Amino acid sequence: MSLQKYKNLKSLLRHADQIVENYDAITLDLFDTIFIRRVHDPDMLKPAVARYIATMAEAAGIVKNWTWEDVQWLRDTYETEQRAETGRHYDDHEARYPDYMKRVLDHIFETAGSDELLEKVTAYELAIESAMIVPRADWVQWIKKSHAQGKIIIIVSDIYLPSDHLKRLMKDAGLLEYVTDVVSSADTFLAKASGHAFPLLQKKYDLHKARWLHMGDNPISDGLRPAEFGIKSLMLEDVDEKRRHTIAQMYTVFANYRQFWKGRLLQQLMLPLEGENIDQPPLYIQGYSFVGFLLGFFTQTILEQARECNIDKIFFFSREGWTYQKFWDHAVPLMYPENAIPDSTYLYVSRLALGGASCAHDGLPLEKANIAFLPPGNRDMRDVCRVFSLDIEQIRPLLEKHGMDTDEAVSPAYSAAGYVKFAGLIEDDEFQVEVKRQTKPYNDALQLYLEEKGFFEAKDVALVDVGWLGTIQRFLYDAVKHRADKPNFHGFLLAASRGKPYPTSTDNYIKGVLYDHSHFDFAGSTIMYAREFFEEACRAPHPTLVRYQSAETGYKLVFKDENSDSVKAEILQNEYFEQLQKGIFDAAARYGAAVSVLGLKTKDIKPWLNYLLVSKLAFPKTKEIKKLKHRYHIDDLGGKHKPPGFKPEKHLWEYPLWALRWIPWLRLRFYIKKPRPT
Amino acid sequence: MSHKVTDRRYDMTGESVLRITKHSFISKFAPYEDFAGGPGWKCLVAASLMHYFGGIISWFLIRYEQKLKATARSFLAKFTRRQGK
């Protein structure tokens, strides 16, 4: 029987369409035919499972320190032993995954017969496989069409995974319902490679050679053997697939050779292929390739630090934390076993809501009160009272006592004399008593909310926020530091500008992940060019929290009025960034899978991340700035005043598009000029 | 205008190998911290070739794979014999 080769899938399927009416049964190879892998070498997936098992063993308290290399060696040994044993009875030296993996697990965990453990590891192995394989779009269409024509379609694979595992992969790809059966050499030890699979199929499904068509990519298993058996076979020798494989292999080699390419390899494995790779708007592409990767790095750092510092719980601060947590939920399950991942919770917080609640026990010291004057629009006592949730009418007598008026400028940016009076007011014990009295109900409600969220159940908690000064964490710490069951605060910010020094202590610190001004680096600092962009891009689709309020049921969260102009503007901005967020979330699971497969740590990826930051933020194309620049940004702490002679410093991303396009060396000048916005 | 995330050269849209090359050049005189030595010109040339001429290279590899392997094998055999290994 003849063997025909095709250089691309379209020409193969075109020919198959012409002849398919002569055949009732079609057998198809699975891997590298219907499914393609993002990696060039399928063995690259095995170390991910070895790392998973090693982490499970560590979390389970196994005394022997199992490294992933040990686990991989054990797996290879047992697999080889099974292949040798099979080879004594069959022509094909096949192995069966559940058999040898069970031996591996029994050996490591000393728990003979633990099916639960095997199922957990199998689920992970299949999840990684599933994340790394892509069904070819043309095959999917063709299989559906042939199924509709009533053809018998049987998937045949020479692999260590038994057919029920392959069925799970087919189901994930949405193909299982269109095929008659899935056959694996792991079930029978009769493979296509020796040709023994074909008589077996003939007998099992009562197939007639003359009405049987086989298609696949292996010249022996899918070409020579079926032809020898007398079946018509079509063989795929896809040039384009060869090219994609070679490119993936090339980046793998580069990554071994130069650290810079490790991150690029990671992104190569994340790239959507076939049916996933459809036309997308520019914002989706930025979300997928740029922000998604940055958040992947951020998430992975938090995870690494959480494991290092024995952090039991992670709290994502609203509102950017909504995106971070969603990313976390998609990416992290592929990185570590469930029992090695800290719990995560979304916490409704805001500077506005915590400002007042944080004053209930220590009052309002001057250093903290000065935070109200950071936004240049805040000028008088009305602004101070707004920031710290104080009722100005009730402190009016105290203001009069200090010769102050509610509309008198007290910010040092507006009036030095006013600020001196303000400092006097702060030092007044009566004022502090009034502050504590007014803010106590907010603090009480906050305690109830935190208790409900299990905040005080953990010894160490990670607090995750976008940045930049760590004000929310500072306020939260002040609000709970009087409690004996207060956990240790480990703060992780996307970037820490440290425009105002953070009151660091052993049980309360912040750390900038992508950038921390306490150790300046050129690449990381570029994130400060586009702070508003990162806030807008990651913002949750709910208004900001205004205060915690006591209620009959305990507490109540009060949000900004949805009909207010600022919330309406935010909704417009959220709609604009909808595609960007979609790109970010689509990237999450692929980041988790690719990191697990490659076994990369954040330090491996940092050089590529630096490159991305510099190319996208310091040297962006004008059209990129045009797309990414925020449109509506409202600072919830900021007032409406303007200090005399105030001229905000203009940074790269604030330049008009014509200037970005035509002024020579503009980007380089900003990049080398060290000060960044704070 | 819509594009695919993976372009037809299996490169990243908006972050192509040419952009890496450009920044590799800038990094020669602007400080890129922790760039870990950068991409290296050999890698950049190879990556550019694979992304831009990969179709022809792959066709050639598939067409002459067996002959190339046989040639490589015989060359290695001769080489190792000459080395006395």
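Taking only the C-alpha atoms, wrap a convex hull around segment A:401-443 and report its volume per residue in Å³ as a whole number.
89 Å³
Please get the size of the charge dipole for the protein assembly as shown, origin at its Cα centre, with Cβ charges of +1 on Lys and Arg and -1 on Asp and Glu, quoted in debye to the nearest 20.
About 3740 debye.
Exceeding 25 Å between C-alpha atoms, which entries from my cross-link table qualify? They are A:421/A:556; A:326/A:436; A:46/A:582; A:436/A:486; A:582/A:626; A:436/A:481.
Values: A:421/A:556 36 Å; A:326/A:436 37 Å; A:46/A:582 30 Å; A:436/A:486 20 Å; A:582/A:626 19 Å; A:436/A:481 15 Å.
Correct reply: A:421/A:556; A:326/A:436; A:46/A:582.
Compute for segment A:1-46: radius of gyration divided by Kirkwood radius, i.e. Rg/Rh, restricted to C-alpha atoms, rounded to two decimals. Write out the running numbers ahead of the final one.
On the way: Rg = 13.9 Å, Rh = 13.0 Å.
Expressed as Rg/Rh, it is 1.07.
A 26 angstrom limit on the alpha carbon distance is what I want to check against. Which of A:511/B:42; A:203/A:232; A:262/A:500; A:673/B:28 exceed it?
From A:511/B:42; A:203/A:232; A:262/A:500; A:673/B:28, over 26 Å: A:511/B:42; A:262/A:500.
So how tilted is helix A:137-148 from the main axis of chain A? Cα-based, degrees 0 to 90, rounded to 10.
60 degrees
Hey, what's the Cα Rg ratio for segment A:307-375 versus the globular rule of thumb, 2.2 N^0.38 Å?
For segment A:307-375, the normalised Cα radius of gyration is 1.51.
Quick one: angle between helix B:41-82 and the longest Cα principal axis of chain B, in degrees between 0 and 90, rounded to 10, please.
Helix B:41-82 sits roughly 20 degrees off the main axis of chain B.
Largest first and in whole Å, give the semi-axes of chain A's equivalent ellipsoid, each being the square root of 5 times a Cα gyration tensor eigenvalue.
59, 28, 21
Go through segment A:119-203 and name the GluC sites (Glu not before Pro) that are in a DSSP coil and have 12 or fewer other Cβ atoms within 10 Å of their Cβ.
Passing both the DSSP loop test and the Cβ count: no residue.
How large is the convex hull of the C-alpha atoms of segment A:506-586 per residue, in Å³?
On the way: hull volume 14.5 nm³, N = 81.
Spelled out: Cα convex hull of segment A:506-586, divided by residues, is 179 Å³.
Using r as the Cβ-Cβ distance of residue A:73 and residue A:164, and R0 as 30 Å, what FRET efficiency do you calculate, to the nearest 0.05?
That gives a FRET efficiency of 0.65.
If you wrap a convex hull around the Cα atoms of segment A:337-437, how much volume per residue is inside, in Å³?
125 Å³
Any idea what the alpha-carbon Rg over 2.2 N^0.38 Å comes to for segment A:411-537?
My calculation over the Cα atoms of segment A:411-537 gives 1.27.
So how compact is segment B:1-76: Cα radius of gyration and Dmax in angstrom?
That works out to 17.1, 52 Å for Rg and Dmax.
Could you list A:544, A:299 in order of exposure, starting from the residue whose Cβ has the fewest other Cβ atoms within 10 Å?
A:544, A:299
What's the Cα-based Rg to Rh of segment A:177-255, Rh via Kirkwood? Intermediate results must be reported in sequence, preceding the final value.
Numbers: Rg = 15.8 Å, Rh = 14.4 Å.
Result: Rg/Rh = 1.10.
Can you tell me the FRET efficiency between residue B:57 and residue A:279 if r is taken as the Cβ-Cβ distance and R0 is 25 Å, rounded to the nearest 0.05?
Values: r = 27 Å, r/R0 = 1.09.
Plugging the Cβ-Cβ distance into 1/(1 + (r/R0)^6) gives 0.35.
Expected output is a single nm value to one decimal: the length gained when fully extending between residue A:420 and residue A:437, i.e. 0.36 nm times separation in residues minus the C-alpha distance. What is it?
3.7 nm
Once all Cα-Cα distances of segment A:45-197 are split into 5 Å bins that start at 0, what whole-number percent is in each one?
Per 5 Å bin, starting at 0, the Cα pair percentages come out as 2, 9, 15, 18, 17, 15, 11, 7, 4, 2, 0, 0.
Can you tell me which lysines have their Cα less than 20 Å from the Cα of residue A:642? Leave out same-chain residues fewer than eight positions away.
Result set, ordered by chain and number: A:650.
In peptide A:239-246, how many Cβ atoms from other protein chains are near each Cβ within 10 Å, on average?
Counting Cβ atoms of other protein chains within 10 Å of each residue's Cβ and averaging gives 6.
Would you please give the FRET efficiency between residue B:71 and residue A:115, computed as 1/(1 + (r/R0)^6) with r the Cβ-Cβ distance and R0 = 41 Å, to the nearest 0.05?
So the FRET efficiency works out to roughly 0.20.
How large is the Rg to Rh ratio of segment A:181-337 when both quantities use alpha carbon positions and Rh follows Kirkwood? Walk me through the intermediate numbers first.
On the way: Rg = 23.4 Å, Rh = 20.4 Å.
With Rh from the inverse mean 1/r over Cα pairs, Rg/Rh is 1.15.
What is the sum of charges around residue A:6, taking Lys and Arg as +1, Asp and Glu as -1, for the other residues whose C-beta is under 11 Å from the C-beta of residue A:6?
Here the count lands on +1.
Using every Cα-Cα pair within segment A:108-244, state what percent have a distance larger than 22 Å.
46 percent
What percentage of all Cα-Cα pairs in segment A:39-111 are separated by more than 14 Å?
On the way: 1641 of 2628 pairs.
Cα-Cα pairs in segment A:39-111 separated by more than 14 Å: 62 percent.
Under the definition of partner shielding as Cβ atoms of other protein chains within 10 Å of a residue Cβ, what is the mean value for peptide A:168-181?
The shielding value for this peptide is 0.
Report, please, the projected area of segment A:497-635 averaged over directions, based on the convex hull of its C-alpha atoms, in nm².
12.5 nm²
What ranking of A:509, A:414 emerges when the number of other C-beta atoms within 10 Å of each C-beta is taken as an exposure proxy, fewest first?
Placing the least packed residue first, the sequence is A:509, A:414.
To test your reading of the geometry: what angle, between 0 and 90 degrees and rounded to tens, separates the Cα axis of helix A:9-19 from the longest principal axis of chain A?
Tilt relative to chain A: about 40 degrees.
Taking the Cβ of residue A:34 as the centre, find all other residues whose Cβ is under 11 Å away and add up their charges (Lys, Arg: +1; Asp, Glu: -1).
Combined, the nearby Lys, Arg, Asp and Glu give -4.
Over all directions, what mean area does the Cα convex hull of segment A:430-482 project, stated in square nanometres?
Seen from a random direction, the Cα hull of segment A:430-482 projects 4.6 nm² on average.
What does the structure give for B:54-62 when I average, per residue, the other chain Cβ atoms found within 10 Å of the residue Cβ?
5
List A:247, A:26, A:220 from most exposed to least, where exposure is judged by having the fewest other Cβ atoms within 10 Å.
Final ranking by Cβ density, sparse to dense: A:220, A:247, A:26.
When N counts the residues of segment A:268-387, how does its alpha-carbon radius of gyration compare numerically with 2.2 N^0.38 Å, as a ratio? Kindly include the intermediate steps, with their values, before the conclusion.
Details: Rg = 20.0 Å, N = 120, 2.2 N^0.38 = 13.6 Å.
Ratio of Rg to 2.2 N^0.38 Å for segment A:268-387: 1.48.
In 10 Å bins starting at 0, how do the alpha-carbon pair distances of segment A:225-300 split up by percent?
15, 31, 29, 13, 9, 3
Here, each number is a calculation from the coordinates, and none is a lab measurement. Computed from a prediction, not measured in an experiment: that's the story for all the values here. Note: ideal-geometry Cβ built from the backbone for every residue, glycine included; neighbour counts use all protein chains shown.
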